[in-house]
1. Which one is right for this structure if Cα extents along the principal axes in Å is calculated from it: [x] 40, 30, 25; [y] 74, 37, 25; [z] 55, 29, 23?
2. For the chain, with a Gaussian network of springs between Cα atoms less than 10 Å apart, report the residue from Ser17, Ser37, Ser58 with the top mean-square fluctuation.
3. What are the ³J(HN,Hα) couplings of the stretch 52-60, residue after residue, when phi is run through the Karplus curve with 6.51, -1.76, 1.60 and θ = phi - 60°? Round to Hz, x for glycine and proline.
4. List every residue whose amide H lies under 5 Å from the amide H of Gln43, counting only residues 5 or more places away in sequence or on a different chain, with H placed 1.01 Å from N in the peptide plane.
5. List the cysteines of the chain that have no other Cys Cβ closer than 4.7 Å: which are they?
6. Mind ordering 39-45, 6-12, 93-99, 27-33 by average Cβ neighbours within 10 Å, highest first?
Amino acid sequence: MAWIGSTRRSRLPRDWSAICRRIKRRDGFRCTTVFYSGERCTQRGTDVDHIIPGDDHSDGNLRLLCRWCHARKSAHEGGTAAAQRRVRASRPRSPHPALED
């Protein structure tokens, strides 16, 4: 489960359920994802998502997504974060043997 090992739930505001209801009503209970083709996802919205990850719970930073779109976005963010934490080791450059004196 996504919450295991995470402090995210403890950082949500006390009125998170009321915020979720408000966002669901605002977005018409539909996923707000717009695909590359310009078409909007037609699935029922189930998950309230932070557009910019973090602790900004303002309405402007929240949107409604279906489970599939939310999982896809979260996986992309997790992969990006892991790549930034990855230590990049590089070998020292040595000159070509034919160019050594």
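1. [y]
2. Ser37
3. After applying 6.51 cos²θ - 1.76 cosθ + 1.60, I find 9, x, x, 10, 8, 9, 6, 4, x Hz.
4. Sorted by chain and number, the residues that satisfy this are Cys31.
5. Cys20, Cys69
6. Numbers: 39-45: 13.6, 6-12: 9.9, 93-99: 6.4, 27-33: 16.6.
So the order, starting with the most tightly packed, is 27-33, 39-45, 6-12, 93-99.
Bear in mind these aren't lab numbers, they're just calculated from the coordinates by the rules spelled out. This structure is a prediction, so every number in the text was calculated from the model and none was measured. Cβ coordinates were reconstructed from backbone atoms using ideal geometry, including for glycine residues, and neighbour counts include every protein chain displayed.
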